[in-house]
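J.: I have a structure I would like to understand better, so I am pasting it below and will then ask my questions one at a time.
The values are calculated or read from the model by the stated rules, or taken from the named source; none is laboratory data. Just so it is clear, the model here is predicted, and its values are computed rather than measured. We place every Cβ from the backbone using ideal geometry, glycine too, and count neighbours over all the protein chains shown.
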């Protein structure tokens with residue numbers, strides 16, 4: 001399988017991934033991703049070069065966003081002073097579920113973050129999705145804390161404030177990468 005940067009024409013595929021994941025999550029009792037994601041916001045992240053697609057021939061098996069930009073209000077100033085990259089929107093197509101592709105994409109993200117000079121790979125997960133939180137813990141992430149207030153949507157509580165991190169490190173993730181090398185983080189040693 002090959003990892004490539006997402007392109008503008010991938011917006012429809014990414015939105016359908018999100019809808020498919022939201023339906024599956026509803027089936028296991030989670031309200032995660034129940035609100036539609038704005039296509040223009042997704043396109044902006046693609047244009048920023050932070051969205052990656054996992055391709056299996058002509059099919060797309062998954063996606064991950066890896067960015068040096070933290071979501072506002074989640075991480076402390078001290079944490080933000082440490083070189084880090086942030087994982088968002090990790091999604092695997094349902095027909096590829098059960099093959100550890102998510103774990104391997106997290107390994108890829110940690111490897112890429114290491115190449116950029118990051119100390120940490122960090123993420124936030126849906127606050128009420130304990131199954132997802134356990135998944136990240138099983139992938140070697142360490143729970144940091146849960147943030148329940150801050151940049152809330154529609155005036156409600158923050159819904160994705162369960163924070164975790166693991167060390168960025170080189171690893172053999174087994175994918176072929178067709179993406180340019182990551183830019184070094186500005187404060188990386």
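J.: May I ask you to verify whether residue 142 is at pLDDT 95 or above and under 12 Å from the mean Cα position of the chain (by Cα)?
T.: Against the criterion (at pLDDT 95 or above and under 12 Å from the mean Cα position of the chain (by Cα)), residue 142 does not qualify.
J.: Consider residue 113 carefully, then state whether it is in contact with a strand residue (DSSP E or B) (Cβ under 7 Å, 6 or more places away or on another chain) and at pLDDT 95 or above.
T.: Taking the combined requirement at face value, the residue satisfies it.
J.: Then there's this: Mind checking which residues of the range 83-98 are assigned to a loop (DSSP other than H, G, I, E, B) and either modelled with pLDDT of 95 or more or touching a helix residue (DSSP H, G or I) at 6+ places or on another chain (Cβ under 8 Å) (or both)?
T.: 83, 93
J.: I'd like the full set of residues that are crowded, with 16+ Cβ neighbours inside 10 Å and more than 20 Å from residue 91 (Cα to Cα), limited to the range 116-145.
T.: Of everything in the range 116-145, those that are crowded, with 16+ Cβ neighbours inside 10 Å and more than 20 Å from residue 91 (Cα to Cα) turn out to be 116, 117, 118, 119, 120, 144.
J.: Pick out the one residue from 81, 109 that is within 28 Å of residue 187 (Cα to Cα) and under 10 Å from the mean Cα position of the chain (by Cα).
T.: Criteria check complete, one pass: 109.
J.: A follow-up question, please. Suppose we filter the range 146-170 for residues that are in a loop (DSSP other than H, G, I, E, B) and either over 20 Å from residue 90 (Cβ atoms) or at pLDDT 95 or above (or both); how many remain?
T.: 10
J.: Identify the residue in the range 162-189 that is under 19 Å from residue 71 (Cβ atoms) and out of contact with any strand residue (DSSP E or B) (no Cβ under 6 Å at 6 or more places or on another chain) and, among all such residues, is surrounded by the fewest Cβ atoms within 10 Å (Cβ to Cβ).
T.: Looking at residues that are under 19 Å from residue 71 (Cβ atoms) and out of contact with any strand residue (DSSP E or B) (no Cβ under 6 Å at 6 or more places or on another chain), I get 186.
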